[in-house]
1. Under a 5 Å amide H to amide H cut-off, with H placed in plane at 1.01 Å, what residues pair with B:Ser221 once short-range neighbours are removed?
2. Where the centroid of each part is defined by its Cα atoms, how far is region C:53-74 from region A:53-95 in Å?
3. Return the FRET efficiency for the residue pair A:Arg28, B:Ser187: r is the Cβ-Cβ distance, R0 is 41 Å, and the value is rounded to the nearest 0.05.
4. For region A:279-324, what does the alpha-carbon gyration tensor say about shape, rounded, prolate or oblate, given a ≥ b ≥ c as the root eigenvalues, a/c under 1.5 as rounded, and a/b over b/c as prolate?
5. Using a Gaussian network model of chain C whose springs link C-alpha atoms within less than 10 Å, name the residue from C:Ala236, C:Ala286, C:Ala120 with the highest mean-square fluctuation.
6. Could you work out how far the C-alpha centroid of region C:169-198 sits from that of region C:277-296, in angstrom?
7. Strictly over 18 Å apart at the Cα level, which of A:Lys168/B:Lys301; B:Lys112/B:Lys204; D:Lys115/D:Lys204; B:Lys6/B:Lys315; B:Lys265/B:Lys301 would you flag in this model?
8. So, R0 is 22 Å and r is the distance between the beta-carbons of C:Gln161 and C:Glu108; what FRET efficiency does that work out to, to 0.05?
4 protein chains.
Amino acid sequence: MRGYKKPTVSIIGASGYSGAELTRIISRHPSVKLDKLYAFSQAGNSVSDLYPSLNLPAHYESYEGQTESDIYFLALPHGEALRLVPSLIEAGKMVVDLSGDFRLKNPEEHLKYYKQEKKAEACMTYAMPELFHEEVRNSTAVSNPGCYATSIILGLAPLCQTPLKENKVLDITCSAISGLSGAGRSSKTELSFAEMNDNVRAYKVGMHQHTPEILQALGTSASTPSFGFTFTPMIAPLTRGIYTVLNIFLDKHPAVSEIREHYEKFYRSAPFVRLRPAPPEILHVAHTNFCDIHIAEGQAKGSVTVITAIDNLIKGAAGQAVQNMNIMLGYDETLGLV
Amino acid sequence: MRGYKKPTVSIIGASGYSGAELTRIISRHPSVKLDKLYAFSQAGNSVSDLYPSLNLPAHYESYEGQTESDIYFLALPHGEALRLVPSLIEAGKMVVDLSGDFRLKNPEEHLKYYKQEKKAEACMTYAMPELFHEEVRNSTAVSNPGCYATSIILGLAPLCQTPLKENKVLDITCSAISGLSGAGRSSKTELSFAEMNDNVRAYKVGMHQHTPEILQALGTSASTPSFGFTFTPMIAPLTRGIYTVLNIFLDKHPAVSEIREHYEKFYRSAPFVRLRPAPPEILHVAHTNFCDIHIAEGQAKGSVTVITAIDNLIKGAAGQAVQNMNIMLGYDETLGLV
Amino acid sequence: MRGYKKPTVSIIGASGYSGAELTRIISRHPSVKLDKLYAFSQAGNSVSDLYPSLNLPAHYESYEGQTESDIYFLALPHGEALRLVPSLIEAGKMVVDLSGDFRLKNPEEHLKYYKQEKKAEACMTYAMPELFHEEVRNSTAVSNPGCYATSIILGLAPLCQTPLKENKVLDITCSAISGLSGAGRSSKTELSFAEMNDNVRAYKVGMHQHTPEILQALGTSASTPSFGFTFTPMIAPLTRGIYTVLNIFLDKHPAVSEIREHYEKFYRSAPFVRLRPAPPEILHVAHTNFCDIHIAEGQAKGSVTVITAIDNLIKGAAGQAVQNMNIMLGYDETLGLV
Amino acid sequence: MRGYKKPTVSIIGASGYSGAELTRIISRHPSVKLDKLYAFSQAGNSVSDLYPSLNLPAHYESYEGQTESDIYFLALPHGEALRLVPSLIEAGKMVVDLSGDFRLKNPEEHLKYYKQEKKAEACMTYAMPELFHEEVRNSTAVSNPGCYATSIILGLAPLCQTPLKENKVLDITCSAISGLSGAGRSSKTELSFAEMNDNVRAYKVGMHQHTPEILQALGTSASTPSFGFTFTPMIAPLTRGIYTVLNIFLDKHPAVSEIREHYEKFYRSAPFVRLRPAPPEILHVAHTNFCDIHIAEGQAKGSVTVITAIDNLIKGAAGQAVQNMNIMLGYDETLGLV
């Protein structure tokens, strides 16, 4: 890379958990250079005070429209990026937004699930590299998938996107368990250690904002879905990880061996998807960008069970964001991630 | 109760986690008297050494066919009770067996799921009080339900046993998360703290031995089921509790309000079942004999989501066992349990 | 107890963790009757919504000076009880205060550690039953010890209060690990699950408000201590329990056997202190009113190591408070606690 | 490094937790090349099956005296390395042993604490880089410090090795909390999740094998110590980390500012030791090679409190081992570790 000047990267919203993972990955990335870390309530504070494990001699700065870097990651609460992204794009910057602001094409779905109006054009390339590699490669501004959405879409895409022998998906039930870092750096009583240790709690049953995102990515929509989709998110006493059980009902009874082959083929060139002979475990993917998938024999007629595991902060957020940046920059997509 | 001599209770297999909970409950029960605690590898050891929180000045003894107590609880590894129960029944003892040995009526299912031959007649009253109160009251020897089975059957029975307006159940998917005490006092590497902290792991997918038990209790069978039943058990980093998400597909689309009413009616006289307006939590039922049930609006056509939570060692084992004993003795079924 | 009307008990500050444990214990106590549950931010809410495991059909009420019960427990943030207790005493009520408001006799120490002025007379009987049984029995208004203080004082009293063969204590170092319920129902980011899982953190090193309380109970004072006392409190990822390691340096080298005998003698009539041959464990005392104590051979000249374990919410708060009430009422002190 | 052939590294005992961390670090190290992974019970198994997060396409092999690599790490149960190291040294290999086999110079102490005879000469350079950098640099075979020992020695060395103004250390008390990975991949019942969740347990009080190692490194010995040393190791419910509280009694009363300066000076050229203004946290050092140290004002006359935190598998084992290798190879000691 002699003579080559590494692109510079700044992170807006660097003080949350996803922002801290982005900081860690970007600061060690061999082919980009970490530039500024922007934060809001933490502006002025030292990175090493908030995240001593990062060991970075830097301070969080206040973001006031700076555009001096080549690439911008935004890891902000939903709603903030809608405001900041347009001028970054206008300034010719490469943008990866980790919020939900630019994921949904349908403004009515956005309003319903995010309680916020937005225009139909406020939608960027939905950057799930395993499904939309070409689109990502041809983009300079992308919207990074949600954490649950990643674990669910990767488990379903081979059956929903390129149906197996015209075997149509009829119904899907999905139970997903998330670690508590998924809720962000939180000061809510119900997410305190004493309330979540030894506990499991379902929430937003049937109302989670990743539902329309999942259906859109799978080629249908929450408004007029082409199959039933039932999603129950839960939190359990672990810090990282999403563990997802998918029960898929198909038109015709599938042979599990055929389905496995189909998944193998589908993910042949996806370096971060691993098909596993036994059920995955969070420990197997924690602190990595892998999505592990296990396909189990269906127990009911026409059904198959697919189980996936990811690290919500890596493959479900910062890792996938860097994977997308790598693709947009024309790099090997695993750079800085293994 | 003046002049009344309390029935005496002995526990065979008192040194496991369910045995210890039985010991705790029976030792504080107002209307029975704890007699002997039998154990195998722990025979000769002091109860207070193994379970100091019980604070009982007793020793585990070796069981060699004693029949001096009025009531016997058996909390043994599967296979052991088959050998011991017949002579206890013959000696006229009241028996509550917590193992799977006497649950399945179909010897072929027993062989398939427990890898052990048994005769068809080796089956005792299946003692789930909320469903079979009368049968339990008229029995003197009963088989206590499994822990997953309890959490699942209670969530399904109102729809499967007494269908709502002839609304037939077509398919059920079930994801259930168990605390690690469910695996018993274990010395397996994969259940060590370092392997299970921050982890989630599915296991026995489609092969769990509670599957035939659940279907039998719901009036059908694993061999020729009248509806699809897909069960994915998981372990997560908590000690106690089972959290179960049930997605039920019905013939006709149900109104959630009607289903809630139906459940209210079904469990009207069940003191340990609580219908809850929000998703249950393990912390709400831990150390209690309650089963909390929440019914959520279905997200797909014809479906409804039911979520249940129990303490696997109490309602899923020792508490339900004592509830059954209370019923058999003609006591208030909540005695010693609230 | 025929013809006897049970005394009624109300709890002011019933919605915190100690208040909930008090509610649980009092509602099952055989010889008192739970009357009102008062709370501040939770006033108007249902007890069963906040603590479903209590299963109590009651609501939290607003406290506005009511005096209709016989006995009042106060489990309030520090500072609140100072305001409420005087009128309860004036109304002739029995009072057990669980806060730090009435523990310190020295107003300067109170100001220094609680950042609040109070008068010297605002001090009630310091109700550690194992040390001050007579005083408690003769009191009608008492101040319940702090959680760390309980675990530390019980480990030290036999050597500090009734020195062994004039073997003077020279120095004590104390490291204590608390579960997170010790911080109360909290909405602080640093006590969230994601921040405390897999973590250990010391805090208030050398500045914890239980230091003067401990020294006062041991017959000396923080202002002019008769021995060195070094206290490092820590929090670790567990909900309940305090685990305390005490290294005690004595004037003359002690024989560990003599010390054990001395402790045995000292706690001969203390039903909740258990001297254990091996190091205690939190699991051995969780959900009980026991304080387990182990005495290990000293590793340095003149030293001995004492390790104690309690449940911070029971022996460190609600259980000890009920033990004190039992004593004040002339009941067996274990009533409702085993 | 053009034209330079990277040294090859093999790991004997690669399937335990320290071995897995070594594998991870070495496989990503920029200036050495991972060669073979040897294991005993896991020989023949795939690395990716046992540690999927490593994502290495390799198998564990059986070690039968191979010497084809340039560098050997041994991460074996105590006793095994004694047998294997001599022939590796004879074959001219660079050796880093992570066991206790070669740490103690005094055969009697080795026999007492490791229950195994060894000769006085079976002792290699004690490789704590912050204290013995020169010796390590001049060695080709070193003994890597124990995990507790690392956290304790680094907290004490500045006061014990280069006394501050002739301020002699008189007594030290040490309480240290370890995560459960410290016990290795275990199948012991007492280390199962259900036994350690929500628990704390002291063990080997006054008998831990790191005691003589600590005293030897600090320039004295367990047989004739020049100061009192009292060590209480504990396990708590976390996977990684050691948290150590040291109370140090000195001859003269120290000014905490002077002590802080003294530590700053002592660790000026130690890239992995960080002096922190607030108490450290396990989360701050987890998955890093840092040792964080906080010095608190002494609470008793002549005392100071020092608190340290490390990741037991990194700075307490694999990371420090690689740091030592870096030094022996003449590399920057942080290579592959930040």
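1. B:Ser226
2. Here the two parts' Cα centres lie 52 Å apart.
3. That pair, A:Arg28 with B:Ser187, gives E of 0.55.
4. prolate
5. Comparing C:Ala236, C:Ala286, C:Ala120 in a Gaussian network model of chain C, the most mobile one is C:Ala120.
6. Using only Cα atoms, the two centres lie 19 Å from each other.
7. Distance filter (> 18 Å) returns B:Lys6/B:Lys315; B:Lys265/B:Lys301.
8. In this case the efficiency is close to 0.40.
Here, each number is a calculation from the coordinates, and none is a lab measurement. If you're wondering where the values come from, they're calculated on a predicted model, not measured in any experiment. Reconstructed Cβ throughout: ideal geometry from the backbone, glycine too, with neighbour counts over all protein chains shown.
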